[in-house]
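Engineer: The structure's right below; bear with me while I get my questions together.
Rule-based calculations on the coordinates, nothing more; no lab input. Bear in mind that the values here come from a model prediction, so they are computed numbers and not experimental data. Cβ placement follows ideal geometry from the backbone for every residue including glycine, while neighbour counts extend to all protein chains displayed.
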C-alpha cells in the first residue's frame, strides 16, 4: 500500500453524470491489480476525515484511470477539479479478482458504473497474452452503458442489455449470461455492479456446477483499510455455530466468490 500525492492529468466528462480521471501514480499504479480500489482525498473537502473509495478502472504503465458518477457532494467536488491539481491517494487496497484462467472461457459482467471496474480485468487479460474475454454490460438505459468502445478496442466481444430497451437487448444482464452459460457451462465469471445484479449472477452460476463466479461488492466504505468494520457483509461459514460470519468488504474483499456470500442475510 502506498500514499502518493500527484497532479491530475485529465478529468473529463464521458457523458451525462459520468467522468473519467487519469493520474500518474508511479509505483502505486504498477502495484494495482484488477478488482482493487483506491481511497482519494478530494480537494476542497480536506476537512472531511474520510476519503472516498473508487474502483480502479484501468492502468497503463504508471497512469491510473478512475471512472466515477457524480452522485453526491464528494463526486461533485471531484468533477470540478482541474488538471494539474494534486490528489492525495491511498492504495491499492483490497483483494482483487483471481487471475483469469487460460483453460476455460471467461465472462466479465458490468452493471451500471460497475462496467468501469471490469475494463482493468479485460486489459490485464489481453496484456498477459490471454484470450479477450466475453464482456456483458447491463444498465437502466443507454445513457448508463460505459466504455463499450474501450472493450471492443481490446478485442472483446461485447453484449449489452438495458432495462428500458433503449440499447442492446431489452431486459436484465442475466438473460445474456444464461445464453452464454448454455454455450459454455464451464465459464469463469467476474462481475461488478449493484447488489441485486450480483445476487442474480451468483444464483445463476450455481445452476451451472462447472462454472466459477467472483463478484466485487460496491459497499459503502469508511476507512477502507479494515479498521472500522463499517462495511461488513454476511458470509456463509459452516465451521461456526451459527453457520455464518461477517467479513469486511474493504479488507477481506471487495472481491468474493459468489457462493460464499449470504445474499439474503
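Engineer: Rounded to the nearest Å, what's the spacing between the alpha carbon centres of the stretch 130-187 and the stretch 94-119? Just the number, please.
Structural biologist: The two parts, judged by their Cα centres, are 12 Å apart.
Engineer: Report the residue, chosen from 51, 183, 33, that carries the largest GNM mean-square fluctuation when the chain is represented by alpha-carbon nodes joined by springs under 10 Å.
Structural biologist: 183
Engineer: Running a GNM on the chain with Cα contacts under 10 Å, which residue among 76, 29, 191 ends up with the highest mean-square fluctuation?
Structural biologist: Greatest mean-square fluctuation among the candidates belongs to 76.
Engineer: Here's something else I'd like to know. Kindly provide the helix-only [θ] at 222 nm of the chain, computed as the sum of -39,500 (n - 2.57) over DSSP H runs of four or more divided by all residues, to the nearest 500 deg cm²/dmol?
Structural biologist: Values: 6 runs with 54 residues, N = 265.
Computed ellipticity for the chain at 222 nm equals -6000 deg cm²/dmol.
Engineer: Connecting C-alpha atoms closer than 10 Å in a GNM of the chain, tell me which of 177, 154, 146 has the biggest fluctuation.
Structural biologist: 154
Engineer: If I take every Cα pair under 8 Å that is 6 or more residues apart in the stretch 47-110, average their sequence separation and divide by the length, what percent do I get for the relative contact order? Each step should come with its number before you reach the end.
Structural biologist: Details: 23 pairs, mean separation 9.4, N = 64.
Computed over the stretch 47-110, the figure is 15 percent.
Engineer: Could you let me know the centre-to-centre spacing of the stretch 227-256 and the stretch 23-54, using Cα atoms, in angstrom?
Structural biologist: One Cα centre to the other: 24 Å.
Engineer: Compute the distance in nm between two label points, each set 7 Å from the Cα along the Cα-to-Cβ direction, one at residue 227 and one at residue 14.
Structural biologist: Taking the simple label geometry, residue 227 and residue 14 are separated by 3.2 nm.
Engineer: Determine, from the Cβ-Cβ distance of residue 244 and residue 2 and an R0 of 30 Å, the FRET efficiency 1/(1 + (r/R0)^6), rounded to the nearest 0.05. The partial results should precede the final answer.
Structural biologist: Details: r = 34 Å, r/R0 = 1.14.
After rounding, the FRET efficiency stands at 0.30.
Engineer: Using a Förster distance of 35 Å, how high is the FRET efficiency between residue 179 and residue 48, based on the Cβ-Cβ distance and rounded to 0.05?
Structural biologist: Numbers: r = 45 Å, r/R0 = 1.28.
For R0 = 35 Å, the calculated efficiency reads 0.20.
Engineer: Sticking with this one: Taking 0.36 nm per intervening residue step and subtracting the Cα-Cα distance, what contour gain separates residue 31 from residue 206 on full extension? Show your work: numbers first, answer last.
Structural biologist: Working: separation 175, 0.36 × 175 = 63.00 nm, distance 3.27 nm.
So the extension gain works out to 59.7 nm.
Engineer: Here is a further query. Just subtract the alpha-carbon distance of residue 163 and residue 128 from 0.36 nm times their residue separation and send over the number in nm, one decimal.
Structural biologist: Values: separation 35, 0.36 × 35 = 12.60 nm, distance 3.42 nm.
Residue separation times 0.36 nm, minus the Cα-Cα distance, leaves 9.2 nm.
Engineer: I would also like to ask the following. Can you give the relative contact order of the chain as a percent, counting alpha carbon pairs under 8 Å and 6+ residues apart? Write down the numbers at each step before the final one.
Structural biologist: Working: 621 pairs, mean separation 43.0, N = 265.
About 16 percent, as a whole number.
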